[in-house]
1. How big is the charge dipole of segment A:192-289 about its Cα centre, in debye rounded to the nearest 20, if each Lys and Arg gets +1 on its Cβ and each Asp and Glu gets -1 on its Cβ?
2. Got a number for the accessible area of A:D150? Probe 1.4 Å, square angstrom, nearest 10.
3. Using a cut-off of under 17 Å, list every residue of segment A:19-48 whose amide N is near the label point 7 Å from the Cα of A:D121 along the Cα-to-beta-carbon line.
4. Give the average, rounded to an integer, of partner chain Cβ atoms located within 10 angstrom of each Cβ in B:84-94.
5. Label B:V192 and B:E92 with points 7 Å out from Cα along Cα→Cβ: what is the distance between them in nm?
6. I'd like the mean, over residues of B:133-142, of how many other protein chain beta carbons sit within 10 Å of each residue's own Cβ.
7. Let me confirm the definition first: pairs of Lys residues in chain B, 8 or more apart or on different chains, C-alpha distance under 17 Å. How many are there?
8. Give the residue from A:A241, A:S259, A:A195 lying farthest towards the positive end of the charge dipole for segment A:192-289; charges sit on Cβ (+1 for Lys and Arg, -1 for Asp and Glu) and the dipole is referred to the Cα centre.
Amino acid sequence: MKHSIQARLLLTTTFVLVVFLTLTAGALDRAFRASVVAGAEEQLRLVIYSLMGSVQQEAGQLTFSQGISEPRLTQPDSGLYAQVANDLGSVVWLSPSALTTDVNFPRGYSAPGLFEFSEIDALIPRFQLSYTVIWEGVDAEYVVFSAVTDQRPYRVAIAEFRRSLGLGLGVAMLLFILVQFLALRWGLKPLRMMAAEVHELEMGRRESLSQRYPKELLGLALNLDHFIVHEQRTRARYRYALDDLAHSLKTPLAVVRNSLSDSSENSLLVSEQLERMETTVLHQLSKASAGGPVMGGKTIVLRTVIERLLRALQTAYVDRGVHVERQLPADLVIRGDERDIMEIVGNLLENAFKYSRGAVRVEVSSVEGGALKAQIVVEDDGPGIPRALRDEVVRRGKRLDEIEAGQGIGLAVVVELVALYNGSLDISDSRLLGGAKLTVLLP
Amino acid sequence: MRMLVVEDEAALRNQLAVHLKSQGFAVDCASDGEEGLYFGREYDYEVAVIDLGLPKLDGLALIAQLRAEQRGFPILVLTARGHWQDKVQGLEAGADDYLAKPFQMEELMARLNALIRRTAGYASPVLCQGALQLDTSKKEVRVADISVELTAFEYRVLEYLMLNPDRVVSKIELTDHLYDQDYDRDSNVIEVFMGRLRKKIAPVDLIRTVRGQGYRFLTDAGD
C-alpha cells in the first residue's frame, strides 16, 4: 500500500474530503437548527401578539374576545398552548388546547417589555416564550403572556434534514472518491505503462521504450532509452576492446612459446611463466568480457544454441562417433547474452565429448517456481570428475590459473559465468551413463 | 603433404611454416584472406590452417568461399578469441576443427594429422593395410610388426599414397604435394624412390604402377 502512488493520493484526498464534508455537515446542521428554533420563536411571538390584540379591559378586569385566530389554540392537545396570567399568579386566560394537557407555563414575571424565550428539555420537550406587560388600569398591573409549543415536530424536521444532508453528502463523497480514483488511474496510466514497458525491456520482448508518453514523462522515457542504448554500446565497445587485447596478446604468446624449442632450465622457466601468463590472459580477459545479465537482452532459445553447438562438436569430434541423446523442448527460452550462454553450454558439451566413450546425454527442462527457470543437464559415460576437483571447481573464487589443466579450465569458465547470472552448477555422477553429470540452473 | 597456412601475424606465420616444414609438410603461406583464397583456388591441399581474424577477407568468409567453390580439403581454424561463438561460426562456415590461441605446436600437429587421416577415412592414427602399418604420430612404418627404416621422403610418399588409396596418383601430384614449389621436378627421381620403397616394404606389394599415369595404392577391399 505504502509503495503505491495511487493509494497514497487516494488516501490523502479521501481524508481531506471526509474532514471537509464533516465540517460542512456540522455547520449546515447548526445553521438549520438555529433557523428552526428562530421559526418556532417567531410563531410563539405571533401567538402572543394576537392574544394581546384580543384583550379587552372591562372594570379593572381583562377579558378576551373569543375569536382567536390561531385554530391550534382551540384544539385540545394540539401542541400549541397559551396562557395569560397576572403577577399575583392567577390565570386570566388559558387556551382551550391546554385544558387537557399538563403544560408547565413559566411562573412569575420577567422584565416588562422583553420577550423571554427558552427551551424546556422535559419528557415532552417544548419551546416557551413569555412577555410581561404593565397594563394600566387593571388590578394586577403585571400581565404575563405565555405561549408554549411542542418541540417534537421541529425535532422531526431537524432529524429529517440531517438524514437527507447525510445522504446527500455521503453520495457526493462517494462520487468524489470515484471520480478521484478514475482521475488518478488516468493520470498515472503513463507511469504504469512505463513500468510495463521497462518490464518488457527486461524480459527482452522490446528493445526501447515507446514515445507515447505525456510531456512530463517523455524526457524520462527518452533518457532511459538513451541510457540503455549507451549502456549496450559501452558494453559492446568494452567487450571488443578486451577481445582485441586478448587477441593481440595471445598471438605473441603463441610465438614466444613455440620458439622455446630446447629444454634447457632457462627455457623451462620461461615456458612455465608463459603458461601462467596465458592462463591469466585467457581467464581474466574472458571473465572481464563476459556480458552477464543484460537489460534489453534478447531471449535465447536454448534448443537452438545447443543444436548449433552439437553440430559443431560433431564436426570437430567426428572420429569419436559420439551418440548424443537429447531432450530439448523447443519453447524453452532464457534471457541473457547469447555468447555467455553459448560459452556455458559449449564448455559443458565439449568436456562431455572429450571424455565420453561414445554416449552423451543433454537435457533441458524448465523449473517451476523460484528464481531459477531453466535446468541444463549434460551427462557422459566417461571417467567422471574426481571429487577433489569438484569441490575445487565449484568453490567460488577459485582462480583458473590455480586449477590443473584439463577439465578444470572449461569448468572454471562455466562456474564464473553461472555465478554472474546468479545460477548454480552442480557436479555429480551420472546414474544413466556412469560418467560425469553436470547440472546448471539459470534464471 | 601440401598444406596452406593463412595467418596475418608474420612471426606466427613464419614459425608455423618452419615447424610444419620440419614435420615434412610442403607449406604455402598467405598473409591475408584474399591471398589465402587465391592459393586455395589454385592448389590442392591435404589440409589448411586458417586464422579467423584476417585482413581483407576474414577467415569465416574465406572458408565459406572455399567451400562454395567445392574445395573440400580439411580446414583447421585458429581463433584468438576462443569464444564458442567463433568456434561454432567457423565450423558452421565449413571448417573441420578449431584450435584456440595460444596453442602448443604438438597439439596443432596432432590435430592436423588427425584431420588428414579422418579425410582419408582412417579412424586411428595408425594406418593399417594388410601387414603394413604406418604410425602417423610416431612417423614409423612396420611390416608384419617389424620396424622398417625409411627416409623422410620415402615415408612421406608412402603416407601420401596410403592417405589416397585406390586412386591413381600422378608423379606430378606427388611432387606437388611432397615438395615445396621450387623443387626440380624430375620424374626419374620419383621412380627411383618408388623402387626403393617397394623393396623396403616387401613382401607387402600394394603399390602398383599405372603406366603413363602414376601410382595406385591398393587397399584390402580394392583389387
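The values are calculated or read from the model by the stated rules, or taken from the named source; none is laboratory data. If you're wondering where the values come from, they're calculated on a predicted model, not measured in any experiment. Methodologically, a virtual Cβ is constructed for each residue, glycine included, from the backbone with ideal geometry; neighbour enumeration extends over all protein chains shown. Heads up: the accessible areas ignore ligands, DNA and RNA and are worked out on the full protein's heavy atoms, side chains in. Shrake-Rupley method; radii C 1.70, N 1.55, O 1.52, S 1.80 Å.
1. 500 debye
2. 20 Å²
3. Only A:30, A:33-34, A:37 fall inside the zone, counting backbone N under 17 Å.
4. 6
5. 5.4 nm
6. Mean number of neighbouring Cβ atoms from other chains: 0.
7. 4
8. Toward the positive end, the furthest listed residue is A:A195.
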